[in-house]
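Since every read-out is calculated from the coordinates, none of them should be taken as a lab result. Please read all numbers here as calculations on a predicted model, not as lab measurements. Using ideal geometry, Cβ is built from the backbone for each residue, glycine included, and neighbour counts are taken over all protein chains shown.
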């Protein structure tokens, strides 16, 4: 869900086997939930800004409450936004370097071997 954050209030600090955590009461849409962060101040929920998050109903011996979990950004496949030619060039030079280390080519042939590998990767990718 998306909502405009109306208020953010630090509620408590606590420690467990994973470290120190900070709890915040987040108010939005005439209701509130709790968000736990490893940092204080937290940066996921800012008063007056729109935030995207999930509401999870939690139960404890003290009753029910809403846990707020920020929506994680979509995974981009691990390429860090690099274009295919940039990736191909990096891999091609790395592979050519490996051939030098293995004694299969001389250093003087690095660029030629890398170019050949680059062209092969582009061809195989279609």
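Of all the residues in segment 35-52, those that are crowded, with 16+ Cβ neighbours inside 10 Å and within 12 Å of residue 9 (Cβ to Cβ) number 3.
Has segment 39-49 got at least one residue that is touching a residue at least 40 places away in the same chain (Cβ under 8 Å), in contact with a strand residue (DSSP E or B) (Cβ under 9 Å, 6 or more places away or on another chain) and part of a strand (DSSP E or B)? Working first, answer last.
Going through segment 39-49, the residues touching a residue at least 40 places away in the same chain (Cβ under 8 Å) turn out to be 45-49.
From what is left, the residues that are in contact with a strand residue (DSSP E or B) (Cβ under 9 Å, 6 or more places away or on another chain) are 45-49.
This time we only want the ones that are part of a strand (DSSP E or B), so: none.
No: segment 39-49 contains no residue that is touching a residue at least 40 places away in the same chain (Cβ under 8 Å), in contact with a strand residue (DSSP E or B) (Cβ under 9 Å, 6 or more places away or on another chain) and part of a strand (DSSP E or B).
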